[in-house]
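Remarks on the structure that follows.
Nothing in this text is a laboratory measurement; each read-out follows from the coordinates by a stated rule. Just so it is clear, the structure is predicted and the values come from calculations on it, not from any experiment. Here the Cβ is made from the backbone with ideal geometry for all residues, glycine too, and neighbour counts use every protein chain on show.
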């Protein structure tokens, strides 16, 4: 299990969370404002998927 941290604009938060959830087994996404107040920090606990359920790169294209 590991932690993924991403800084992005609020408009991109859902897209980033969805993409990470498609690639990993993820827990809830936690959102915190950045110091400048213009972006947000996403913190997501994740784990690698079982290889039997994770498509290879060519299968996901």
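Binning all Cα-Cα separations of the stretch 2-44 at 10 Å, short to long from zero, yields these whole-percent fractions: 31, 56, 13, 0.
Here the peptides 29-38, 13-22 are ranked by packing, the mean other Cβ count within 10 Å, and the order with the highest first is 13-22, 29-38.
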